Amino acid sequence: MSHPLYVAFIWHQHQPLYKSPNGCVFGDSQHNYHLPWVRLHGTKDYLDLVLLLEKYPKLRQTVNLVPSLILQLEDYVAGKAIDPYLQLTLTGTEQLSSLQKEFIIQHFFDANHHTLIVPHHRYSQLYEQKQEKGHDWCLANWQLSDYGDLLAWHNLAWIDPLFWDDPEISNWLQKGRDFTLSDRQQIYRKQQEIISRIIPQHKQMQDNGQLEVTTTPYTHPIMPLLANTDSGRVAVPNMTLPKYKFQWAEDIPQHLQKSWDLYIDRFGQSPRGLWPSEQSVSPEVLPHIRGQGFNWICSDEAVLGWSLQHFFHRDEAGNVQEPDFLYRPYRLETPHGDLAIVFRDHRLSDLIGFTYSAMTPKQATADLVGHLEAIAKMQREQNPDIPWLVTIALDGENCWEFYPEDGKPFLETLYATLSREEHIQLVTVSEYLDKFPAITKISPDKLHSGSWVDGSFTTWIGDPAKNRAWDYLTQARKVLANHPEATPESNPQAWESMYAAEGSDWFWWFGEGHSSNQDAIFDQLFREHLCGVYKALNENIPPYLLQPIEVHIAHGDQRPQGFIHPVIDGRGDEQDWERAGRIEIGGARGTMHVSSPVQRLWYGVDHLNFYLRMDLQTGIKPGKDLPAELNLLWFYPDHTMHNSPIPLDHVPNIAPVNYLFHHHLEIHLVTRSVKLQEAGEHFQWHPRASRAQVALNDCLEVAIPWADLQIPPDYPLQLIFVFAEEGRFRQHLPENTLIPIEVP
C-alpha cells in the first residue's frame, strides 16, 4: 500500500510571564505587567494563524498554547492587565511627563522597521525623524499630537492585516494622524475584542477536527533541569554547573497537573499531546508525563540523533539523506504505559522561522513544497509501505514580524498549494498516531537529555550568570521545602511565585547567548518571583535578590545570536543586524585601534546567504582613505579539497593570511563589481559565476549566496577579510584569527 507523505505542522505559542507577583517589593503602582508582548502578539499572531487555516478545511494542524500565555491573555480580556505601554497609551498627551515622553520616544518604535513601521506613512515619518534627527531633537521639537500619533501607531501596527477590513480599524488606518485619547481607548478595546476570540476559536476548530491543541508544563520550565541540574552534563560533560544542585523532581507533576486542569477547563476535553518546554526531554521526566495522561510529546532531530548515536547528514539541497530514521514516531516505555515521541525536521522548521520571510510567497512556497515532494519521492522509492510523518515545529508567533503582512501572503500561498497536493497530507499528530501507532522503540535510558537548541541545555545553564540564577532558585526552593505547612492549597502565592521562577525564559536571557534591550527587566522579573516566595512565607528576603544578577551593559564583540535577513542597501538598518555577529575593530578595544578606518565588522547567515557589513569612519572614501579592493577568503578546516594561497602580492608569511584557501571573492569598493574564484589543482584559481550583492552608502553591506560556494548544509568554514591596492596586500581583518561560520 502506497501512503501519502504525512506532514504535521506544530505551532508553539508562548510568551514569558510578564506579570509581577501580588504585592511584590519591586511592584509599580501603575501597572502589574512589565512588558506588552502578550497583548501585542495577541492582536497580531494567535488568532489569524488559525483563521487562515480555517479557510482550507482539508488541512489539519497542531497548535500548542502554553498555560501561562492563556492566563495572561485572559487578564487582558478582563481588564486586569496593565503594562507600561498600555498605561501610556491610555494617558492624555497633555498629562505626559518629560520622563514619559522619553520612554515613548525610546520604546514605541519597538517593532520591525521593514514590516510594521514602513508600511504606515505617519509611523514611518516619526521613525525617520528619530533616526535622522535623534532622540533629543524629538524631545525638543515634537508637539503633543506627535506623541499621540506615536502612541496610537505602536498599537495599530501590531494589529494583524487580516483584521484591517474591520470598519473601525480601517477608519483608523485611513485617519493616519491626529489621534485623540478617545481613539486610543477605542483601539485598546479592539485589542481586547481580538484577544477574546483566541481561545474560543481554537476550541471550535479542535471540536471540528481541523485542529489539535496541545499544552506545555504550567510556566514553561525545563523539566530535565528541575529533576536534576546534573542533566546539563549529558550533552556537555565538562559543563560548569551551579554551586548548588537543583533536584526537585516533585515539582514536575505539579506543573503537569496544573496545565492538564487548565486545558480541560478551557477546551472541555483532556489533552493528548505535550510540547515539553524548549522541546527538552530526559529519561527522568518520561514517567511524569505519561503518568499525567499525555499520549505523545515532541522534540528535535538533534535529540533523536544523540539518542540513536546517528548524525543526520543532508545533501546539497538540504534534504535528509537517512529520512527513514527521522520521519517516524518512536515508542518510549514507562511504568505508566507507552509514550509516543515525534522529532521535528530542524531545517524545514528553521526555513519557515528564519529564511522564507526574505523570499516572495511564491518562491518560499515552492521551496518548502519542493522539499516535501523530494521527501515523498524518497518514501515511494525506499519504503512505499511505511507511512512517513514529517514534523515541522516552530514558534508560532515570533517569525511573522519579519514577513510582509505578518506572513499572510505566504501562508495563503502555502495552504492553497498544499490543498491541491495529492501526495502530501497535512495531519494533526494525534490523527496520525491513531492510524499508525508508534512501533519503533527507543529504550528510555537511551533517550538523550537535551533540547531543541543544539541538543543541549547550554542556553539555560552553565554560564556564570545562568548558574547564579539557578543557585538563587535553589535557595528559594529549600526555604519553601522548610515550610511543610505551606501547601499549594494553603499558600498558593508562594507556590505560584515558585512556579513562575522555575520558567525557562529567565535563564534564556541571562549571560551569554541571547540579549535584548529588555534584559534588565527579565532579570528583575525573575528576582520578583523569587521575592514573592519569601514574602508569602513571611521570610526575610535575601539582600542579593535586591541586586541584578548581572550588569546589563552593551557588549563589544559578540557571536551571531540567530539568523538575519538584511536588506542590502548600504544603510545598515539596526534591526536588520541586531542578531548578527559583531567584531569591534577601531575605537573600542584600546588606542591602537582608534585610527582604523574600519570601525566594526558584522556577519551572519540565513539559509540563502552569508552576510557581511563593514562600518567605516565618517567621511572615509574607498580608493582614497581605504584600499579599493576587499577580498573575502574562505578556509575549510579538516576538509580535503584543492586550496591555494591568497592571490595577492606581498602577503606576509604569518597566520592566518599564509593559510591556503578554497574560495576567493574580490569586491572592488569603487565600482561595486565582484569576482569569484575557486582553487584548483597546482595552486591555480579558476573563475566562477557569482550572484553576490554589494551596496555601499552609510556602510558596506554584502550578501553572498551559499549557492555560489556550492557547499552542503552543516558545513563549517572560516573567513578572513583582506584589503589590497592594485593586487598588493595592505591589511587583513580580524587580527590573528578567522571568523567561524557554519552553513545552516
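A few notes on this one:
- Among (1) touching a Lys or Arg at 6+ places or on another chain (Cβ under 7 Å); (2) outside any loop (DSSP other than H, G, I, E, B), the one test that F109 misses: (2)
- Residue that is surrounded by the most Cβ atoms within 10 Å (Cβ to Cβ), among those in the range 463-484 that are of a type outside the set (S, T, N, Q) and assigned to a loop (DSSP other than H, G, I, E, B): D463
- Just one of the numbered conditions (1) part of a loop (DSSP other than H, G, I, E, B); (2) surrounded by fewer than 22 Cβ atoms within 10 Å (Cβ to Cβ) is not true of W460: (2).
- Here S690, S644 are screened, and the one residue that is surrounded by 15 or more Cβ atoms within 10 Å (Cβ to Cβ), polar (S, T, N, Q) and over 19 Å from I741 (Cβ atoms) is S644.
- Here the condition is being in contact with a His (Cβ under 6 Å, 6 or more places away or on another chain) and either touching a residue at least 40 places away in the same chain (Cβ under 8 Å) or not assigned by TED's automatic domain parsing to the domain that holds A416 (or both); of A358, A340, A393, A364, it holds for A358 alone.
- When the range 237-278 is filtered for residues that are surrounded by 17 or more Cβ atoms within 10 Å (Cβ to Cβ) and β-branched (V, I, T), only I252 remains.
- There is at least one residue in the range 382-403 that is over 25 Å from R314 (Cβ atoms), modelled with pLDDT of 95 or more, of a type outside the set (G, A, S) and in a helix (DSSP H, G or I).
- Flag for E496 being of a type in the set (D, E, K, R) and either in contact with a Leu (Cβ under 9 Å, 6 or more places away or on another chain) or not in a helix (DSSP H, G or I) (or both): no
- Selection status of P224, buried (at least 16 other Cβ atoms within 10 Å of the Cβ), at pLDDT 95 or above and closer than 22 Å to D445 by Cβ: yes
- Any chance E193 is over 27 Å from the mean Cα position of the chain (by Cα) and either part of a loop (DSSP other than H, G, I, E, B) or loosely packed, with under 13 Cβ neighbours inside 10 Å (or both): no
- Pairs, first among the polar types (S, T, N, Q) in the range 126-150, second modelled with pLDDT of 95 or more, C-beta under 7 Å, six or more apart: Q129/C138; S145/D178
- The set of residues from the range 537-571 being assigned to a loop (DSSP other than H, G, I, E, B) and modelled with pLDDT under 90 comprises E550, V551, H552, I553, A554, H555, G556, D557, R559, P560, Q561, G562.
- Filter result for the condition that a residue is acidic (D, E), under 33 Å from the mean Cα position of the chain (by Cα) and part of a loop (DSSP other than H, G, I, E, B), over D698, D708: D698
- Residues (buried (at least 20 other Cβ atoms within 10 Å of the Cβ) and over 13 Å from I289 (Cβ atoms)) located in the range 329-345: P329, Y330, V342, F343, R344, D345
- Only a single item in (1) surrounded by fewer than 20 Cβ atoms within 10 Å (Cβ to Cβ); (2) in contact with a helix residue (DSSP H, G or I) (Cβ under 7 Å, 6 or more places away or on another chain) is not met by N141, and it is number (2).
For (1) in a helix (DSSP H, G or I); (2) touching a residue at least 24 places away in the same chain (Cβ under 8 Å); (3) farther than 16 Å from V390 by Cβ; (4) of a type in the set (S, T, N, Q), each residue gets a yes or a no:
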site	(1), (2), (3), (4)
R290	yes, yes, yes, no
F294	no, yes, yes, no
L304	yes, yes, no, no
H310	no, no, yes, no
G318	no, yes, no, no
E333	no, yes, yes, no
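The values are calculated or read from the model by the stated rules, or taken from the named source; none is laboratory data. Note that the structure is predicted; figures quoted are calculated from it, not measured. Glycine also receives a Cβ, built like all others from the backbone with ideal geometry; neighbour counts cover every protein chain displayed.
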